[in-house]
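For reference, the structure discussed in these notes is given below.
The values are calculated or read from the model by the stated rules, or taken from the named source; none is laboratory data. Note that the structure is predicted; figures quoted are calculated from it, not measured. Glycine gets a Cβ as well: all are built from the backbone with ideal geometry, and neighbour counts include every protein chain shown.
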Amino acid sequence: MELVIQGLSKTYGNGVKALDNVSLTIPTGLFGLLGPNGAGKSTLMRILATLQEADAGSATLGTIDVLRQKDEVRKVLGYLPQEFGVYPRVSAADMLDHIAMLKGITHNGERKALVDALLQKVNLWEHRKRKIAGFSGGMKQRFGIAQALIGEPKLIIVDEPTAGLDPGERNRFYNLLTEIGENVVVILSTHIVQDVQELCSRMAIINKGRLLYAGAPADALKELNGRVWEKAIAKSELEVYDRQHTLISNKLVAGRPIIHVLSDARPDDGFIPAEPNLEDVFFSAIRTADLTPVA
């Protein structure tokens, strides 16, 4: 099954163009939607989750018209928003049971078996009677995935799922998403480059509502081979280098900025070739788009 998006656009009443003619084909498996905060990712996710209307364009999931057959979409959708509300003083098992009932699973035995299986799957079985208010951030996210899996969804959308998680919980979440993504379309919307690098064989970069790249991370890295250069500079020089070069990133190492610039040739004798990484792909796509006039 594929999710095919064509020409999707959305402009808010204040004039902000959240989506600008976005077209994407998303196959079965884990797909990374990468972009900074405010890029338009959440708007796209809410439209696909039938929570918001688009101004123009189309989206189809198999034979389902996502924009017009909202009830059909909801039958096959699992959604984990960036922030999701639950009854904090209810146990995990009771909350999942309640959500399963709302999704139409009315047979008590079937519902109990499903809840038990989901709690095992997300490694919350031993905490099933514990109130959700006492869960850690990672446990709440795993609970969120459990509720998203109710009803055997064909499309799962997770929005910024690892923000705020410690490294251990993030790895557990990676493993869970990888397992889930074997048979369904999973869209991972995030601003964390590592999430996409660890999980996704296909990705897209979006910023200011525009699609900047769509394809395999490995292909994007190949496009930067021989074009990323690195240099250690003084902090006082940062503004000068930013003006003179296409500066795509900088980070402090032992108190000194290490900059990466994008150039087809060595910028000057102080630069050395750098092995491109996915952060370079991300920042170069955004910086190049910022420097390119919109037609």
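If you take the residues in segment 128-139 that are within 16 Å of Arg170 (Cα to Cα) and surrounded by fewer than 18 Cβ atoms within 10 Å (Cβ to Cβ), which one is modelled with the highest pLDDT?
Among those residues, the one meeting the criterion is Ser136.
Could you list all residues from segment 130-139 that are touching a residue at least 12 places away in the same chain (Cβ under 8 Å) and either over 18 Å from Glu179 (Cα atoms) or out of contact with any helix residue (DSSP H, G or I) (no Cβ under 6 Å at 6 or more places or on another chain) (or both)?
Across segment 130-139, the qualifying residues are Arg130, Lys131, Ile132, Ala133, Phe135, Ser136, Gly137, Met139.
Scanning segment 161-191 for residues that are within 19 Å of Phe282 (Cα to Cα) and surrounded by fewer than 22 Cβ atoms within 10 Å (Cβ to Cβ), which turns out farthest from the chain's Cα centre (by Cα)?
Only one residue fits best here, namely Ala163.
Name the single residue, out of those in segment 59-73 being part of a loop (DSSP other than H, G, I, E, B) and not aliphatic (A, V, I, L, M), that is nearest to Arg202 (Cα to Cα).
Filtering first and then ranking leaves Gly62.
Kindly indicate whether Gly151 is surrounded by fewer than 21 Cβ atoms within 10 Å (Cβ to Cβ), part of a loop (DSSP other than H, G, I, E, B) and without any contact (Cβ under 8 Å) to a residue 60 or more places away in the chain.
Taking the combined requirement at face value, the residue does not satisfy it.
So for segment 56-77 (the condition being of a type in the set (Ser, Thr, Tyr), assigned by TED's automatic domain parsing to the domain that holds Arg210 and out of contact with any strand residue (DSSP E or B) (no Cβ under 8 Å at 6 or more places or on another chain)), does at least one residue qualify?
Within segment 56-77, one or more residues are of a type in the set (Ser, Thr, Tyr), assigned by TED's automatic domain parsing to the domain that holds Arg210 and out of contact with any strand residue (DSSP E or B) (no Cβ under 8 Å at 6 or more places or on another chain).
I'm trying to understand the selection: among the residues of segment 78-129, which are under 14 Å from Lys140 (Cα atoms), without any contact (Cβ under 8 Å) to a residue 24 or more places away in the chain and not in a helix (DSSP H, G or I)?
Answer for segment 78-129, where residues must be under 14 Å from Lys140 (Cα atoms), without any contact (Cβ under 8 Å) to a residue 24 or more places away in the chain and not in a helix (DSSP H, G or I): Glu83, Gly85.
Just need a number here: residues in segment 241-256 that are touching a strand residue (DSSP E or B) at 6+ places or on another chain (Cβ under 7 Å) and closer than 19 Å to Asp269 by Cβ.
5
So in segment 46-103, with the set limited to residues that are acidic (Asp, Glu) and in contact with a Lys or Arg (Cβ under 7 Å, 6 or more places away or on another chain), which one is nearest to Val158 (Cα to Cα)?
Residue satisfying both the conditions and the ranking: Asp97.
Mind listing whichever residues of segment 239-269 are touching a Lys or Arg at 6+ places or on another chain (Cβ under 7 Å) and surrounded by fewer than 12 Cβ atoms within 10 Å (Cβ to Cβ)?
Asp264
If you scan segment 1-58, which residues turn out to be part of a strand (DSSP E or B) and of a type in the set (D, E, K, R)?
Correct list: Lys10, Lys17, Asp20.
Collect the residues in segment 34-46 that are surrounded by 17 or more Cβ atoms within 10 Å (Cβ to Cβ) and either touching a Phe, Trp or Tyr at 6+ places or on another chain (Cβ under 6 Å) or within 15 Å of Ala204 (Cβ to Cβ) (or both), keeping them in residue-number order.
Passing the criteria: Leu34, Gly35, Ala39, Gly40, Lys41, Ser42, Thr43, Leu44, Met45.
Select from segment 192-234 the residues that are surrounded by fewer than 21 Cβ atoms within 10 Å (Cβ to Cβ) and charged (D, E, K, R) and list them in ascending order.
Glu198, Arg202, Lys208, Arg210, Asp219, Lys222, Glu223, Arg227, Glu230, Lys231
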